[in-house]
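See below for the structure under consideration.
The values are calculated or read from the model by the stated rules, or taken from the named source; none is laboratory data. Owing to the predicted nature of the structure, the values given are computational and were not obtained by experimental measurement. Note that we place each Cβ from the backbone using ideal geometry, even for glycine, and neighbour counts take in every protein chain shown. These area figures cover heavy atoms from the full protein model, side chains too; ligands, DNA and RNA do not enter into them. Shrake-Rupley method; radii C 1.70, N 1.55, O 1.52, S 1.80 Å.
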Amino acid sequence: MKPSGYRTTFHIYLIFFLSLLGTLIAVCYLLGMLITVPNPNGKNVRSDWAKTFAQDFSEYIIFINGSPQIKQTGIEILQETHVGLQILDAAGNEIYAYQKPDNAQGYYSNTDLLQLYQTGHFDNASPEDLTAFIGIITGNEKDYAYVLYFPMNIQKVTMYLNGDRFAGGKKLIILIISILLTIVLFLGLGYGLFITKAISRLSASIRDISGRCYLPVKEKGVFRDLKKSLNELDGEVKASDRLREKTETIRREWISNITHDLKTPLSPIKGYAEILCDDTEKTTDQCQRYAEIMLKNASYMEKLIDDLKLTWQLENDMLPINRQEQNIVRFLRELSIDILNCPEYEERTIAFECSNNIADETVMFSFDKKLLTRTFQNLIINAFVHGGKDTEVTVQIVVSEYWLNITISDNGKGLSAAETDRLFDRYYRGTNTESKTEGTGLGLAIAKNIIELHGGTISVTSGLGIGTAFLISFPVCQEN
């Protein structure tokens with residue numbers, strides 16, 4: 001066992017021993033309160049002090065001319081202890097008294113004396129702080145009884161035990177207590193060792209989780225809840241490791257792609273700039289063509305930088321949003337027309353559909369026109385870029401009681417399940433393309449964040465050879 005294990009055992013054993021010692025002290029204190037009583041002078045004495053006092057008081061009783069009398073020292077003791085005295089003859093009549101209580105009788109029958117001897121009290125009406133003890137003395141060949149009244153509340157308790165087995169009662173009690181204490185000490189030591197081993201195993205499990213070599217344990221025993229927590233923690237750590245590895249892989253791929261995408265426009269810009277700077281003669285048309293190429297690549301770099309800036313703003317909740325109440329149907333229709341007016345998409349088709357419950361093609365919705373333009377433009381143009389020349393796009397708008405649903409679908413090549421799962425990941429670019437496409441891999445991730453910024457959701461369904469459909473849902477509340 002390691003030193004830390006011994007220390008843990010010692011600490012557990014010490015705590016157990018101190019708890020046991022505290023219990024014994026408390027028991028002794030309670031027992032002391034039961035077997036001790038304050039005497040009339042305020043000093044704590046044993047509960048049997050009054051009985052011993054009554055037995056020994058016979059030494060202070062003398063007989064003068066056949067009558068019992070009290071020695072002067074006995075009277076002084078009675079005065080000091082505030083104890084009352086009655087001396088009775090064989091018939092139960094009082095023949096001498098000193099400081100007797102007011103409720104003391106002048107005559108006692110045998111029954112009264114028996115009750116007084118057994119209980120120490122006259123009857124139920126006697127004061128609770130007064131207890132009587134009886135003694136016997138013989139003088140002039142006659143028996144006399146004397147009753148001492150103590151201003152103390154003492155209860156007489158009688159126990160009946162097996163005389164044969166309790167002959168050596170004191171030794172037997174000490175032996176039993178010693179055996180019990182020994183058993184308790186050994187049980188405490190064994191429990192301490194058990195707890196130490198269990199804690200050592202749990203500590204080893206935590207180290208294994210940290211070292212990524214933990215093997216799940218069976219969730220049973222006293223520490224089953226803790227073992228369950230360790231198994232769950234290990235699962236969460238492994239899931240976090242997988243996510244971090246996946247994120248790191250995507251990040252490396254993204255850095256590689258961004259580096260390539262930045263170098264790609266820089267190369268023609270640098271090349272044509274060098275051509276323009278050399279001493280060779282160039283025509284005006286050549287200079288204009290070179291400048292157009294440089295501007296095109298500079299525009300691409302600007303778009304790339306804008307995407308990176310927008311991503312950073314979305315990640316840090318720093319993107320300002322200017323929402324205004326507008327007709328979203330008209331907005332989407334005009335956006336579709338603007339895309340088709342671009343020379344590269346003028347031969348394409350965008351079908352526009354509205355549900356029958358939309359009156360006058362008017363659906364008022366609060367949104368940021370600039371941000372949603374970027375979002376829906378990205379979805380529609382992606383469909384054209386990745387779907388082929390014959391790809392058609394359909395924009396469908398459906399309004400229910402609580403939701404505004406916009407579907408952007410196409411009949412293009414579609415996506416595999418693996419691509420669909422990662423479609424909204426940052427820096428991810430689809431693989432189902434015949435040629436390398438320009439882009440940062442941030443477009444759909446940005447679109448998703450913009451839609452969520454408006455309180456909406458976006459989902460995608462796709463299949464190879466079937467096409468792709470994006471469902472965008474915004475919460476609305478229609479007034480009756």
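Worth pointing out:
- Subset of the range 276-310 [surrounded by 14 or more Cβ atoms within 10 Å (Cβ to Cβ) and among the β-branched types (Val, Ile, Thr)]: 293
- The set of residues from the range 19-73 being over 60 Å from the mean Cα position of the chain (by Cα) and surrounded by fewer than 12 Cβ atoms within 10 Å (Cβ to Cβ) comprises 56, 59, 64, 65, 66, 72, 73.
- Out of 253, 325, 302, one residue alone is touching a strand residue (DSSP E or B) at 6+ places or on another chain (Cβ under 6 Å) and under 30 Å from residue 472 (Cβ atoms). It is 325.
- Residue 401 acidic (Asp, Glu) and more than 47 Å from the chain's Cα centre (by Cα): no
- Checked against (1) modelled with pLDDT of 85 or more; (2) more than 20 Å from residue 157 (Cα to Cα), residue 53 passes all but condition (2).
- Filtered residue count, the range 262-291, keeping only those that are basic (Lys, Arg) and either closer than 19 Å to residue 302 by Cα or in contact (Cβ under 8 Å) with a residue 24 or more places away in the chain (or both): 2
- Among residues of the range 207-227, those that are in a helix (DSSP H, G or I) and open to solvent by 100 Å² or more (accessible area, probe 1.4 Å), counted: 3
- Residue match in the range 298-308 (condition: touching a residue at least 24 places away in the same chain (Cβ under 8 Å) and polar (S, T, N, Q)): no
- The number of residues in the range 74-91 that are open to solvent by less than 60 Å² (accessible area, probe 1.4 Å) and either under 60 Å from the mean Cα position of the chain (by Cα) or touching a residue at least 40 places away in the same chain (Cβ under 8 Å) (or both) comes to 8.
- Residue that is modelled with the highest pLDDT, among those in the range 439-480 that are in a loop (DSSP other than H, G, I, E, B) and within 22 Å of residue 310 (Cβ to Cβ): 456
- Sub-7 Å Cβ pairs linking a first residue in the range 183-208 that is closer than 17 Å to residue 223 by Cα to a second residue that is open to solvent by less than 30 Å² (accessible area, probe 1.4 Å) and in a helix (DSSP H, G or I), at least 6 apart or interchain, are 192/9; 193/9; 196/5; 196/9; 200/5; 205/230, ordered by first then second residue.
- Residue list for the range 339-373, filter: under 18 Å from residue 408 (Cβ atoms) and open to solvent by 90 Å² or more (accessible area, probe 1.4 Å): 369
- Which listed residue is assigned to a loop (DSSP other than H, G, I, E, B) and more than 36 Å from the chain's Cα centre (by Cα), from 320, 268: 320
- Set 13, 6: member being among the hydroxyl-bearing types (Ser, Thr, Tyr), over 30 Å from residue 150 (Cβ atoms), modelled with pLDDT under 80 and open to solvent by 70 Å² or more (accessible area, probe 1.4 Å): 6
- Of 326, 313, all but one fail to be outside any strand (DSSP E or B) and surrounded by fewer than 17 Cβ atoms within 10 Å (Cβ to Cβ); the exception is 313.
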